[in-house]
């Protein structure tokens, strides 16, 4: 089974809320809410992939020193296995804006169960809830 490495982030605002993005129509798992991020390209490390994805998807900039490893997801889907490190980030430049048709929402971890998420993301909710 193919292993897909995806880097994700819990962007945490001053009120302890985390940014979730809703997958747009036309993408797999459309309508589900997820942590921002994306695939790690060949020759990239997870932190650099995340910095690139945050700039492309949300128009914000951050740095390696602002990404703290928090947890990871490991989940088998029908045609691939997802390995997804989740980083916490409290410092970035710019205001997150949806650049790829996604809907964005700041959510307290205690309320994340109200938002349908991909199966790989669900086990990360209690970790965030307990950590924040």
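Just so it is clear, none of the values below were taken in a lab; they were calculated from the coordinates. Please read these numbers as outputs of a predicted model, since none were measured by experiment. Glycine gets a Cβ as well: all are built from the backbone with ideal geometry, and neighbour counts include every protein chain shown.
Among the residues of segment 3-15, those identified as touching a strand residue (DSSP E or B) at 6+ places or on another chain (Cβ under 7 Å) and either over 21 Å from residue 51 (Cβ atoms) or surrounded by fewer than 19 Cβ atoms within 10 Å (Cβ to Cβ) (or both) are 3, 4, 5, 13. Please give the strands (runs of 3 or more DSSP E) falling wholly within segment 67-132 in which 2 or more residues are surrounded by fewer than 17 Cβ atoms within 10 Å (Cβ to Cβ), in contact (Cβ under 8 Å) with a residue 24 or more places away in the chain and within 13 Å of the chain's Cα centre (by Cα). It comes to 103-107.
Residues in segment 7-22 that are outside any strand (DSSP E or B) and closer than 18 Å to residue 98 by Cβ: 13, 17. Screening residue 37 on (1) surrounded by fewer than 19 Cβ atoms within 10 Å (Cβ to Cβ); (2) touching a residue at least 40 places away in the same chain (Cβ under 8 Å); (3) touching a strand residue (DSSP E or B) at 6+ places or on another chain (Cβ under 7 Å); (4) closer than 14 Å to residue 84 by Cβ shows it passes everything except condition (1). Residue 48 fulfils the conditions (1) touching a residue at least 60 places away in the same chain (Cβ under 8 Å); (2) touching a strand residue (DSSP E or B) at 6+ places or on another chain (Cβ under 9 Å) except for a single criterion, (1). Of the residues making up segment 45-59, none is assigned to a strand (DSSP E or B) and surrounded by 18 or more Cβ atoms within 10 Å (Cβ to Cβ). Annotation for segment 29-37: at least one member residue is outside any loop (DSSP other than H, G, I, E, B) and at positive phi. Taking the conditions (1) within 16 Å of residue 117 (Cα to Cα); (2) in contact with a strand residue (DSSP E or B) (Cβ under 7 Å, 6 or more places away or on another chain); (3) surrounded by fewer than 18 Cβ atoms within 10 Å (Cβ to Cβ) in turn, residue 18 satisfies each one other than (3).
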